[in-house]
Amino acid sequence: MQPISVNYREHLMKMMSRSKAQLEVGEHNVFQEGNPEILPFIDRIIEDVLLPGSTILHSERLVELMAASKAGEPCLLLLEHFSNFDLPVLHYLIRKVVPGGQEIADAIVAIAGIKLNEANPVVAAFSEAYTRLVIYPSRAVDSLRKGGHADPAAIVAELMRSVAVNRRSMRVLGEIKTKGKLILVFPSGTRYRPGVPDSAKGVREIDSYIKSFSKMCMVSLNGSILRLNPEMGEMQEDLLCKDRVIIDVHGPHDCDSFRKKVKHAPGHHLIEDPKQAVADGIMAELKEMHEAVDREYPPLAVE
């Protein structure tokens, strides 16, 4: 396994030359349309390392969710999160194996953390290929509040920006969610990192999304063509590997019914944080889906 920056340096340079990314995010640019000039470069990387047998199980459920979205229902996609290539591989396979997949892929709007835009021009170029609604994640806000910056005035200014960005993003979300879009959210809010249990925990804010949507599909991902580099943290240094990716889809679920099911579960009255209970319910179902696919399609040895 080698970093993307080693094997695909020329690709990265061409992507960056075509990038139109607005690196700094404010109230004026939280909604960012995907750049079709960049997508073919990412597709080529995926085609090089994605092994035969990669597919989407129960893809007809995505077709059903798309039909509900086109009828004006607010619809969610809730994905497991293992790498920064989760969305690219899902997007690629939808276009390749799902009937009417191009329309479905085009309808996806990913809720994306602000860091993907601002941390690094290479990461921003990858992110730019896909339509996003940028937010300031709760984990990043919490870090600010703990005083992670040396200058108190800078902390206050950044907290004010986080409030402005998130307020505007939620307003835009309200405008677009009934217009034939599929809003994609990672319920964990971050990539799962082995040995870090909290990275697999659902963020309580996911309950607010489910509460304001009508239908949702849960999506598990078994296999990954991009692995965290234990020595370097930036995406361009993540390790590419050949792997088979099996994606499974459950639903569409009725969002209100799911929340009620969690609330009426035995012992729910003892739970201190009902919002966290809903997030935990989502993550539990995704885990069950993942384990079921693993039993039917045992993981391959990573190359």
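The values are calculated or read from the model by the stated rules, or taken from the named source; none is laboratory data. This structure is a prediction, so every number in the text was calculated from the model and none was measured. Neighbour counts run over all protein chains shown; Cβ positions are idealised from the backbone, glycine included.
Odds and ends about this structure:
- Residue list for the stretch 46-66, restricted to those being surrounded by 14 or more Cβ atoms within 10 Å (Cβ to Cβ) and either touching a Ser or Thr at 6+ places or on another chain (Cβ under 6 Å) or not in a loop (DSSP other than H, G, I, E, B) (or both): 46, 49, 50, 55, 56, 57, 61, 62, 63, 64, 65, 66
- Those residues of the stretch 1-21 which are under 23 Å from the mean Cα position of the chain (by Cα) and exposed (fewer than 14 other Cβ atoms within 10 Å of the Cβ), in sequence order: 20
- Residue match in the stretch 208-219 (condition: farther than 20 Å from residue 114 by Cα, touching a strand residue (DSSP E or B) at 6+ places or on another chain (Cβ under 8 Å), in a strand (DSSP E or B) and among the basic types (Lys, Arg)): yes
- Filtered residues of the stretch 97-137 (kept if modelled with pLDDT of 90 or more, in contact with a Ser or Thr (Cβ under 7 Å, 6 or more places away or on another chain), assigned to a helix (DSSP H, G or I) and crowded, with 16+ Cβ neighbours inside 10 Å): 107, 128
- Checking residue 45 against (1) more than 18 Å from the chain's Cα centre (by Cα); (2) farther than 21 Å from residue 300 by Cα, the condition it does not meet: (2)
- Matching residues, the stretch 74-87, being assigned to a helix (DSSP H, G or I) and touching an Asp or Glu at 6+ places or on another chain (Cβ under 8 Å): 86
- Residues in the stretch 67-96 that are modelled with pLDDT under 95 and of a type in the set (Phe, Trp, Tyr) were compared, and the one that is surrounded by the fewest Cβ atoms within 10 Å (Cβ to Cβ) is 82.
Here is a yes/no grid of residues against (1) out of contact with any Leu (no Cβ under 9 Å at 6 or more places or on another chain); (2) of a type in the set (D, E, K, R); (3) exposed (fewer than 13 other Cβ atoms within 10 Å of the Cβ):
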residue	(1), (2), (3)
175	yes, yes, yes
179	yes, yes, yes
182	no, no, no
187	no, no, no
190	yes, no, no
194	no, no, yes
197	yes, no, yes
205	yes, yes, no
210	no, no, no
